[in-house]
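Here the structure is laid out as structure tokens; the discussion comes afterwards.
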């Protein structure tokens, strides 16, 4: 065992394992089958479970793990990020795709896309919020996570670059958290009736 944290982290840090695409593909395949067979229960289940996980992980990362990470010394932060990010790169996009797609098709199944105004405003709000969350997640958070991860894997990571990326990441995470709370409000309205 090495006495320095840096080399120990390097030895234990997993790379990005493309085999994780298999379970992502399996989950998406189950959703496609539920859509093809018009299985109302399975589409609802996939939408709810993926949505709960997506929202829960986002809120946990943003409001629990984020503040803890900011206070950790760099070697500990580096160790957590190097272990967490390879999984998150597959998990979060998969949950986002499952939640959004299963939710859309389930809403179509039960007639929410055919309701009139003002009730359709709730449907429109859900579509807009999920669209924003997906763009933020896939277009801002995911690339930032990947850039930080790749920088931390370098033998001599650029601390200033990581600091800049993490400052942006904190803002993106806060925006994602606000969006997740907003979608919970909208989904609570759906569940209690439009």
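The values are calculated or read from the model by the stated rules, or taken from the named source; none is laboratory data. Model, not experiment: these values are computed from the prediction. Positions of Cβ are backbone-derived with ideal geometry, glycine not excepted, and every protein chain shown enters the neighbour counts.
Summary of values
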read-out: Selection from the range 95-114 of residues that are out of contact with any helix residue (DSSP H, G or I) (no Cβ under 7 Å at 6 or more places or on another chain) and either surrounded by fewer than 18 Cβ atoms within 10 Å (Cβ to Cβ) or modelled with pLDDT of 95 or more (or both); value: 108, 110, 111, 114
read-out: Close pairs (7 angstrom Cβ cut-off, 6 or more residues apart or separate chains): within 30 Å of residue 28 (Cα to Cα) in the range 67-92, modelled with pLDDT under 85 and surrounded by fewer than 13 Cβ atoms within 10 Å (Cβ to Cβ) anywhere; value: 83/14; 86/14; 86/15
read-out: Breaking point among (1) out of contact with any helix residue (DSSP H, G or I) (no Cβ under 6 Å at 6 or more places or on another chain); (2) more than 21 Å from residue 143 (Cβ to Cβ), for residue 84; value: (2)
read-out: Residue match in the range 151-158 (condition: free of Cβ contacts under 8 Å to residues at least 24 places away in the same chain and closer than 22 Å to residue 67 by Cβ); value: yes
read-out: Any pair with Cβ under 9 angstrom, 6 or more apart, that starts in the range 32-47 at a residue that is free of Cβ contacts under 8 Å to residues at least 40 places away in the same chain and ends at one that is surrounded by 17 or more Cβ atoms within 10 Å (Cβ to Cβ) and in a helix (DSSP H, G or I); value: 32/101; 33/42; 41/34; 42/31; 42/34; 42/102; 45/34; 45/102
read-out: Hits in the range 32-64 - residues which are assigned to a helix (DSSP H, G or I) and surrounded by fewer than 16 Cβ atoms within 10 Å (Cβ to Cβ); value: 32, 33, 36, 40, 41, 45, 49, 52, 56, 60, 63, 64
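Conditions tested, residue by residue: (1) within 14 Å of the chain's Cα centre (by Cα); (2) surrounded by 13 or more Cβ atoms within 10 Å (Cβ to Cβ); (3) assigned to a helix (DSSP H, G or I).
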position	(1), (2), (3)
80	no, yes, yes
84	yes, yes, yes
90	yes, yes, yes
93	yes, yes, yes
118	no, no, no
137	yes, yes, yes
154	no, no, no
163	no, no, yes
169	yes, yes, yes
